[in-house]
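One structure is given below, encoded as structure tokens.
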Amino acid sequence: MKRIQDSGFRIGGERRSFLPRRAGVPQSSIPHSQFRLGGFTLVEILVAIGLSSLVFLMLGSMSVLLLRAQRQALLDVRVIDSARFATESLARTLRTVPASSITVVSPTEFTVSHEGRSGGLGCPAAPCVIRYQITPYGGNNVLEEVDGSAPALPLTSTALNVDMFRSTFIGLGSGDGQQARAVITLRLRDPDGPPASAVVLETTVSLRALEF
């Protein structure tokens, strides 16, 4: 058996050893294999690298999912804001005109004769005929407002697509006993987003003749 030479040291005349002593075993008889230097084995290093790579992969996947969710939330906000602006603009016009001033051209197009909107470039004389219609623009359908001969004003963002626009008018006929009202339905979506991200807004407006 190979023995380890221990030079040792002396304290107060007593000889001490550098090597640990096993109880009941002479110092010189402890095999060299019992003494292990500090450090990691190759297997331990490979396991640590594998676990670290797995953790970083999970963090990366979570970051991608969070970025996608944030982008989708921003797109949803833009679609909702555009749809809300369009329906509120329609409702604001319809609340200030009598039922007799509305002419239904089709379920997706109607005109309003508005006394309060005259005097502009598109409507120099009263009443001003305002047309609401769906117009193709850059590959998307856009809801537009046209005041007489003035350029069209997009009510929905040109970067969004109007999948559906429907205007239903009730009580426009005289003597039918029904309160005149309009039901506006608008379905709007981002063309780059999934179909499930479309926003549908529906509003009911009572028609009144207000004096200014």
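Is it true that I102 is surrounded by 15 or more Cβ atoms within 10 Å (Cβ to Cβ) and either touching a residue at least 24 places away in the same chain (Cβ under 8 Å) or out of contact with any Lys or Arg (no Cβ under 7 Å at 6 or more places or on another chain) (or both)? Break it down stepwise before answering.
Details: surrounded by 15 or more Cβ atoms within 10 Å (Cβ to Cβ): yes; either touching a residue at least 24 places away in the same chain (Cβ under 8 Å) or out of contact with any Lys or Arg (no Cβ under 7 Å at 6 or more places or on another chain) (or both): yes.
Spelling it out, I102 is indeed surrounded by 15 or more Cβ atoms within 10 Å (Cβ to Cβ) and either touching a residue at least 24 places away in the same chain (Cβ under 8 Å) or out of contact with any Lys or Arg (no Cβ under 7 Å at 6 or more places or on another chain) (or both).
Can you confirm whether the range 136-145 contains a residue that is of a type in the set (A, V, I, L, M, F, W, C), more than 20 Å from D81 (Cβ to Cβ) and touching a strand residue (DSSP E or B) at 6+ places or on another chain (Cβ under 7 Å)?
Checking the range 136-145: not a single residue is of a type in the set (A, V, I, L, M, F, W, C), more than 20 Å from D81 (Cβ to Cβ) and touching a strand residue (DSSP E or B) at 6+ places or on another chain (Cβ under 7 Å).
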request  = Output the residues belonging to the range 160-202 that are modelled with pLDDT under 90, assigned to a loop (DSSP other than H, G, I, E, B) and under 18 Å from the mean Cα position of the chain (by Cα).
outcome  = D190, P191, D192, G193, P194, A198
inquiry  = When the residues of the range 105-157 are narrowed to those that are part of a strand (DSSP E or B) and among the hydroxyl-bearing types (S, T, Y), which ends up modelled with the lowest pLDDT?
reply    = S113
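The values are calculated or read from the model by the stated rules, or taken from the named source; none is laboratory data. Remember, it's a predicted structure, so these values are computed and weren't measured experimentally. Methodologically, a virtual Cβ is constructed for each residue, glycine included, from the backbone with ideal geometry; neighbour enumeration extends over all protein chains shown.
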